[in-house]
Amino acid sequence: AMARVGEKELKAMPVKNALEGMQGKTAGVDITSSQRPGEVGNINIRGQRSINAEQGPLYVVDGMVIQNGGIENINPSDIEAIDILKDASATAIYGSRGANGVILVTTKKGKQGKVTLNYSGTVTFETLHDVTEMMSASEWLDYARVAKYNAGSYASATPTYEADKAAFGSVAASWKNIDQAWSNGNYDPSKVGSYDWASHGKQTGITHEHTLSASGGSDKFQGYASFGYMDQKGTQPGQAYERYTLKTSFDSNPVEWFKMGTSINASYSTQDYGYSFSKSVTGSGDFYSALRSMLPWTMPYDENNEYIRNPNGDVNIINPIRELDYNTNQRRTFRASASMYSQIDFGKIWKPLEGLSYRIQFGPEFQFYTLGIANAADGINGDGNNGAQYKNEQKRAWTLDNLIYYNKTLGQHNLGLTLMQSASAYHYEMGDMRATNVASADELWYNMSSAGTLKTFGTGLTETQMASYMVRLNYGYKDKYLLTASMRWDGASQLAEGHKWASFPSAALAWRMDQEDFLKDVSWLNQLKLRLGVGVTGNAAI
């Protein structure tokens with residue numbers, strides 16, 4: 001079961017990454033988006049596959065398996081097509097890692113002809129619309145009075161000025177919004193004042209993206225190169241993302257029987273993550289949600305425009321309106337992946353070997369990631385002390401495939417055989433240090449030794465290897481009766497002794513009804529086939 005998203009669909013509207021371009025265009029594939037710039041959503045192919053295990057699909061870019069993350073670092077303008085393998089038979093080709101589905105990405109390559117220079121650019125505007133129905137200030141007070149009365153902390157079953165004053169009057173600036181609703185002992189809920197906290201957590205997000213590319217070549221050599229830049233300002237203050245991408249592709253066919261090529265994708269990004277509540281007990285995860293959760297009758301500042309830390313007097317409800325001034329959360333990522341191949345067609349060297357070819361392909365990957373967090377003492381995360389965190393991660397991986405292809409036609413019989421041997425390795429290392437009571441949050445995470453001692457320090461290392469073998473047979477008779485049989489074996493170093501290997505068999509039969517002689521001249525059948533094809537495509541788009 002396959003679905004395809006081509007270049008036309010990806011460019012139907014401006015998108016920031018390939019996953020956004022796939023949304024709504026592939027049946028059976030659920031893709032969620034993230035409102036935070038630089039973050040991508042989740043993708044599930046045909047629903048949940050497990051309760052606790054990884055749900056994400058396997059990504060294959062230009063024939064090479066990606067072991068470090070997904071495809072969010074690839075400029076959508078550099079993608080030729082995306083194919084999605086949705087059924088379980090994908091494991092027969094890609095092994096255990098294909099259990100959640102496989103996403104095949106084909107990037108652009110050079111084409112024979114004159115060198116062409118192309119530019120594409122977009123500017124998009126985004127706004128945050130909240131359709132959640134929230135309590136008004138007077139509605140919240142009605143609810144709180146009942147709750148407090150039932151708990152024994154509100155003196156009367158009906159509102160009284162004295163009971164309101166005792167329950168809500170500890171902060172003068174906030175109490176004014178309730179006090180103005182009382183007159184001569186009478187309470188008018190329509191006069192309760194409120195403050196629009198959420199308005200400080202929204203802004204117009206502006207994104208501009210630019211891609212400059214060149215393509216061309218001769219019958220012996222084709223090349224493609226592009227440079228992309230994207231700058232995104234989020235719909236919440238403090239959130240931003242900047243990305244640079246570089247794509248190169250070269251293919252050469254110096255002699256008739258030999259060809260080689262390489263494709264490289266690289267990116268560097270900086271993300272301002274924005275407000276994030278770091279305490280483990282409770283708290284909103286983003287600035288807008290933190291503001292929206294504040295009590296509507298409270299005020300962030302007093303009459304002298306002084307900051308009020310606890311707007312209703314409760315020490316557990318802290319005013320977040322200045323948090324962007326107190327916290328810095330920045331992530332930097334450099335990623336590079338490549339696909340390099342060489343292929344020999346033995347049939348063009350020696351006629352008796354016609355149909356036999358050998359291909360070797362190698363895919364290295366690199367990722368360097370740094371996280372820096374600084375929390376000032378006055379902020380919620382600081383909690384009275386200047387704090388800092390610095391985390392560094394390195395990921396390296398490679399995959400080496402050896403493939404033998406044999407394709408032969410004997411009369412009305414077509415035979416195709418593929419043999420593969422593959423080896424891959426993955427390396428991950430990290431260092432993470434955190435400190436409290438550093439000299440100043442203005443120095444960010446660059447002077448953590450000023451704390452005297454580090455709060456925590458951790459390092460980690462993960463190394464795994466995998467070996468794989470695969471055989472695949474395709475047989476066709478009269479281009480009408482088709483058989484496909486596959487078997488793959490995977491061995492993983494992280495599994496226990498005696499249980500390191502697993503096999504994945506698959507077989508499929510097909511009958512092409514339109515190739516039957518007695519049906520070829522039935523015009524209504526051809527029309528029916530066309531109608532069904534259109535119907536399936538339409539459903540996939542929905």
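Things to note:
- Test: residue in the stretch 476-497 that is surrounded by fewer than 13 Cβ atoms within 10 Å (Cβ to Cβ), under 30 Å from T370 (Cα atoms) and either out of contact with any strand residue (DSSP E or B) (no Cβ under 8 Å at 6 or more places or on another chain) or not polar (S, T, N, Q) (or both): no
- Of the criteria (1) crowded, with 16+ Cβ neighbours inside 10 Å; (2) over 26 Å from D479 (Cβ atoms); (3) among the aliphatic types (A, V, I, L, M); (4) touching an Asp or Glu at 6+ places or on another chain (Cβ under 9 Å), which one M420 fails: (2)
- Of the numbered criteria (1) closer than 30 Å to P37 by Cβ; (2) surrounded by fewer than 20 Cβ atoms within 10 Å (Cβ to Cβ); (3) not aromatic (F, W, Y), the one D345 fails is (1).
- On the stretch given as the stretch 438-467, residues that are modelled with pLDDT of 95 or more and surrounded by 15 or more Cβ atoms within 10 Å (Cβ to Cβ) total 3.
- Filtering the stretch 287-333 to residues that are small (G, A, S), under 30 Å from Y390 (Cβ atoms) and more than 35 Å from the chain's Cα centre (by Cα) leaves nothing.
- Within the stretch 334-352, residues that are part of a helix (DSSP H, G or I) sit with their Cβ atoms under 7 Å from residues that are among the small types (G, A, S), at 6+ positions apart or across chains, in these pairs: F346/S357; G347/G355.
Yes or no, residue by residue, for (1) touching a helix residue (DSSP H, G or I) at 6+ places or on another chain (Cβ under 9 Å); (2) free of Cβ contacts under 8 Å to residues at least 24 places away in the same chain; (3) closer than 30 Å to Q232 by Cβ; (4) aliphatic (A, V, I, L, M):
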| site | (1), (2), (3), (4) |
| --- | --- |
| L128 | yes, no, yes, yes |
| K148 | yes, yes, no, no |
| A151 | no, yes, no, yes |
| A155 | yes, yes, no, yes |
| S170 | no, no, no, no |
| N177 | yes, no, no, no |
| A181 | yes, no, no, yes |
| G185 | yes, no, no, no |
| P189 | yes, no, no, no |
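- Among the residues listed as K86, K111, the single one being farther than 30 Å from W501 by Cβ and of a type in the set (D, E, K, R): K111
- Residue count, the stretch 490-516 (criterion: under 21 Å from G98 (Cβ atoms) and free of Cβ contacts under 8 Å to residues at least 24 places away in the same chain): 5
- The stretch 1-28 - residue that is within 29 Å of S276 (Cβ to Cβ) and outside any loop (DSSP other than H, G, I, E, B) and, of those, nearest to the chain's Cα centre (by Cα): L19
- Meets criteria (surrounded by 19 or more Cβ atoms within 10 Å (Cβ to Cβ), under 29 Å from the mean Cα position of the chain (by Cα) and among the charged types (D, E, K, R)) for K391: no
- Selection of the stretch 158-182 for residues being surrounded by 11 or more Cβ atoms within 10 Å (Cβ to Cβ), more than 13 Å from N312 (Cβ to Cβ) and among the β-branched types (V, I, T) yields only T160.
- Residue in the stretch 62-77 that is in a helix (DSSP H, G or I), in contact with a Lys or Arg (Cβ under 9 Å, 6 or more places away or on another chain) and of a type in the set (G, A, S) present: yes
- Scan the stretch 219-238 for residues that are in a loop (DSSP other than H, G, I, E, B) and either assigned by TED's automatic domain parsing to the domain that holds L291 or surrounded by fewer than 20 Cβ atoms within 10 Å (Cβ to Cβ) (or both) and the total you get is 3.
- Residues located in the stretch 107-157, provided they are surrounded by 13 or more Cβ atoms within 10 Å (Cβ to Cβ) and aromatic (F, W, Y): W140, Y149, Y154
- Here G185 fulfils each of the conditions (1) under 30 Å from A173 (Cα atoms); (2) at pLDDT below 95; (3) buried (at least 17 other Cβ atoms within 10 Å of the Cβ) apart from (3).
- Take the conditions (1) farther than 18 Å from G234 by Cα; (2) crowded, with 20+ Cβ neighbours inside 10 Å; G274 misses just one of them, which is (1).
The values are calculated or read from the model by the stated rules, or taken from the named source; none is laboratory data. None of the values given here were measured: they were computed from a predicted structure. Note that each Cβ is placed from the backbone with ideal geometry, even for glycine, and that neighbours are counted across all protein chains shown.
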